[in-house]
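Structure record follows, encoded as structure tokens.
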Amino acid sequence: MPKTIQSYEIIDLIGAGGMGVVYKARHQLTNRVVAIKSLSNQYCLNEEIRRRFKNEAVILSKLDHPNIVKVIDFFELPDELHLIMEYVEGRTLDKIIGQEI
């Protein structure tokens with residue numbers, strides 16, 4: 001797990017999936033807690049996947065609804081892509097689904 005991503009200090013790993021990971025992080029200057037969705041390095045070399053990840057950032061940044069997390073920023077480096085989003089405290093969807101089945 002990285003210690004920082006740009007100006008964000010990584011606090012914890014929230015989850016991991018087939019294409020990347022999501023971290024809980026804190027901005028080093030403002031202390032704002034955020035979620036960072038990072039595309040796995042192996043996929044950063046695939047131009048189609050990079051395009052889709054960037055497209056996701058653009059689409060999400062245009063949405064404004066109380067039930068959708070807000071996009072704060074996006075970082076693109078040659079071998080890294082990071083989507084910075086507001087962090088929402090609560091239960092994960094898999095825990096909610098597990099309780100209702």
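Things worth noting here:
- Residue-level check: of (1) surrounded by fewer than 16 Cβ atoms within 10 Å (Cβ to Cβ); (2) at pLDDT below 95, I11 misses just (2).
- Residue within the stretch 37-60 that is open to solvent by less than 50 Å² (accessible area, probe 1.4 Å), touching a residue at least 24 places away in the same chain (Cβ under 8 Å) and of a type in the set (K, R) present: yes
- Top-ranked residue in the stretch 61-101 [being of a type in the set (A, V, I, L, M, F, W, C) and open to solvent by 70 Å² or more (accessible area, probe 1.4 Å); ranked as farthest from the chain's Cα centre (by Cα)]: I101
- Among the residues making up the stretch 53-96, a single one is closer than 15 Å to I14 by Cβ, modelled with pLDDT of 90 or more and either of a type in the set (D, E) or in contact with a Pro (Cβ under 9 Å, 6 or more places away or on another chain) (or both): E86.
- Among (1) assigned to a strand (DSSP E or B); (2) open to solvent by 70 Å² or more (accessible area, probe 1.4 Å); (3) under 20 Å from D94 (Cα atoms), the one test that R26 misses: (3)
The values are calculated or read from the model by the stated rules, or taken from the named source; none is laboratory data. Because the structure is predicted, anything quoted here is derived from the model rather than measured. Using ideal geometry, Cβ is built from the backbone for each residue, glycine included, and neighbour counts are taken over all protein chains shown. Heads up: the accessible areas ignore ligands, DNA and RNA and are worked out on the full protein's heavy atoms, side chains in. Shrake-Rupley method; radii C 1.70, N 1.55, O 1.52, S 1.80 Å.
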